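Structure first, commentary second.
We did not get these values from a lab; they are worked out from the coordinates using the rules stated. Remember, it's a predicted structure, so these values are computed and weren't measured experimentally. All Cβ positions, even for glycine, are placed from backbone atoms using ideal geometry, and neighbour counts span all protein chains on display.
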Amino acid sequence: MGKVVVGGDAPISVQSMTNTDTRDIVATTEQITQLADAGADIVRVSCPDKEAALSVAQLVENSPVPLIADIHFDHKLALIALDGGIHCLRINPGNIGAKERVAEVVRAASARKVPIRIGVNAGSLDKDLLAKYGEPCADAMVESGLKHIRILEDLNYNEIKISLKASSVAMTVEAYRKLAKMVDYPLHLGITEAGGTLPGSVKSAIGLGLLLSEGIGDTLRVSLSADPIEEVRVGFEILKTLGLRTRGVNIISCPTCSRQEFAVIDVVAKLEKRLSHIRESVNLSIIGCIVNGPGEAKECHVGLVGGGGENLLYIDGKPYEKVADNNLVSRLVDEVEIAAKKIREQQEIENSAKND
Ligand code: SF4
């Protein structure tokens, strides 16, 4: 998909979706750039009408990451988005009417080597499937996915990704597990309509975590009723937790108790903000006292152990210097930036050695 490989051994990519008016090119470009800065590998924009589809050309030109056009029902919008250079379509071939319309979209996508994501959603299953199964369920979702796949395969098209999303974690997991045994296409994972940041993150972490830990899934979107930047952050946290991707500072911090020797929660909150620009994978431990502090600090690039106004800073696992409470955040930011620079330089050396 553009410069991003999805499927096979490629890293699991993180997606999000803009919630600006797609016709507003300035606002949408700005949000796409913010999402890319936060780590989104791919961004989706919805194209509900012709003007939105026509905006795609400019959005693609402005975007630092590949874009997906989200289209329902109207195949002409897909053709406009393809003309505009879109990198992927999210469209369900069974929902765009006559066979010739589907064939027209597939021909245009095929000519441009643009993949299509089939996006099955438990909330919008076909009436015949609901009649057959009585209610939305994993089997109905799988059958719907297979039906859309067959339409594309009959047109000799197989640049396909599939998602089977439900707001029920159990139903989603069951559907993906079943489909993963039946087809070899890349799977786009997500729990749909998962709610606000806290419940949505928990649902997504459990659902996507179960699937990813079984080797199921190639790309993901965490759906939250929140700023889409949060979706990217949560997506990366899921992948980082599973050891599937690394990005940014990994803060290991204690939950605090009456033994804490400095305001751990406050310091961590400030550090999260001040370090959000770091892309390199730096491990940072922020621990309130000596109970667990030295042990964690020994395993991190940078560590801090609370110590009654004289907190101990660790660098590369070794005690380095004492830091007063009022200087903690800026001192830690400096050291994390130095650690990130070292990692970056090391990566550059490794990359140039590979290219030689
Ligand atoms: S590390 Fe120390 S301050 Fe933090 S929770 Fe444990 S005992 Fe409490």
What percent of all Cα-Cα pairs in the chain falls into each 10 Å bin, going from 0 up to the bin containing the maximum distance? 5, 22, 28, 22, 13, 8, 2, 0
Using the Cβ atoms and a cut-off under 14 Å, what net charge is assigned to the surroundings of LYS132, where Lys and Arg are +1 and Asp and Glu are -1? -3
How many percent of DSSP beta bridges within the chain run antiparallel, rounded to 5? 20
Any number yet on Rg/Rh for segment 291-356, C-alpha, Kirkwood? 1.14
With each label point set 7 Å from Cα along the Cα-Cβ vector, what nm distance links LYS354 and ALA103? 4.4
Farthest toward positive dipole pole in segment 249-355 [+1 Lys/Arg, -1 Asp/Glu at C-beta], among ALA339, PHE262, LEU328: ALA339
Among 22-30, 50-58, the order from most to least packed when residues are scored by Cβ within 10 Å on average: 50-58, 22-30
Among THR172, SER213, ILE96, whose Cα lies farthest out toward the positive end of the dipole of the chain, if unit charges sit on the beta carbon of Lys, Arg (+1) and Asp, Glu (-1)? ILE96
FRET efficiency estimate (nearest 0.05) - Cβ-Cβ, ASN156 to SER276, R0 35 angstrom: 0.15
Go ahead and estimate [θ] at 222 nm for the chain from helices alone: -39,500 (n - 2.57) per DSSP H run with n ≥ 4, summed, over the residue count, rounded to 500. -14500 deg cm²/dmol
Whole-Hz ³J(HN,Hα) from phi, Karplus 6.51 cos²θ - 1.76 cosθ + 1.60, for segment 302-314, glycine and proline x: 9, x, 9, 10, x, x, x, x, 10, 7, 9, 8, 10
Once amide hydrogens are built 1.01 Å from N within the peptide plane, the residues lying 5 or more places from TYR185 or on another chain with amide H under 5 Å from its amide H are none
Size of charge dipole - segment 94-236 - debye, nearest 20, with Cβ of Lys, Arg +1 and Asp, Glu -1, no other charges: 240
Kindly write out, for segment 217-234 in residue order, the coupling ³J(HN,Hα) from the Karplus curve 6.51 cos²θ - 1.76 cosθ + 1.60 (θ = phi - 60°), rounded to whole Hz, with x marking Gly and Pro. x, 10, 8, 8, 9, 8, 8, 10, 7, 6, 4, x, 4, 4, 4, 5, 4, 5
Note the direction-averaged projected area, equal to a quarter of the hull surface, for the Cα convex hull of segment 97-186, in nm². 5.9
Past the 30 Å Cα-Cα mark, which pairs from LYS50/LYS161; LYS178/LYS240; LYS113/LYS203; LYS203/LYS322; LYS3/LYS50; LYS50/LYS132? LYS113/LYS203; LYS203/LYS322; LYS50/LYS132
Nearest 0.05, what FRET efficiency do ASP24 and ARG344 give at R0 = 30 Å with Cβ-Cβ as r? 0.25
Going toward the positive end of the dipole of segment 13-241, with +1 on Lys and Arg Cβ and -1 on Asp and Glu Cβ, which of VAL60, ILE86, ALA27 do you reach last? ILE86
Compute the Kirkwood hydrodynamic radius of segment 215-269, taking the inverse of the mean of 1/r over all pairs of distinct Cα atoms, and give it in Å to one decimal. 13.6
I need to check one value: relative contact order of the chain, counting alpha carbon pairs closer than 8 Å and at least 6 residues apart, in percent. 12
Simple label model, 7 Å out from Cα along Cβ direction - ARG177 to ASP266, nm: 4.7
Dividing the mean separation of Cα pairs under 8 Å (6+ apart) by the residue count of segment 249-355 yields a relative contact order in percent of 23
Neighbour net charge for VAL142 - beta-carbon separation under 12 angstrom, K R +1, D E -1: +1
Any idea what the dipole of segment 3-147 comes to, in debye rounded to 20, about its Cα centre with Lys/Arg Cβ at +1 and Asp/Glu Cβ at -1? 460
Amide H to amide H, which residues 5 or more places from SER253 or on other chains are under 5 Å from it, using H placed in the peptide plane? ILE286
With +1 on the Cβ of every Lys and Arg and -1 on the Cβ of every Asp and Glu, and nothing else charged, how large is the dipole of the chain about its Cα centre, in debye rounded to the nearest 20? 540
With θ set to phi - 60° and the Karplus curve 6.51 cos²θ - 1.76 cosθ + 1.60, what are the ³J(HN,Hα) couplings of segment 247-262 in order, to the nearest whole Hz, using x for Gly and Pro? 5, x, 7, 9, 8, 9, 9, 8, x, 6, 7, 5, 7, 4, 9, 8
Pop a pseudo-label 7 angstrom from the Cα along the beta-carbon direction at both THR241 and GLU193 and give the gap in nm to one decimal. 2.4
Per-pair calculated FRET efficiency, R0 = 56 Å: ALA324 and SER110 via Cβ, rounded to 0.05: 0.30
Other-chain or far-sequence residues with amide H under 5 Å of GLY195's (modelled H): SER225
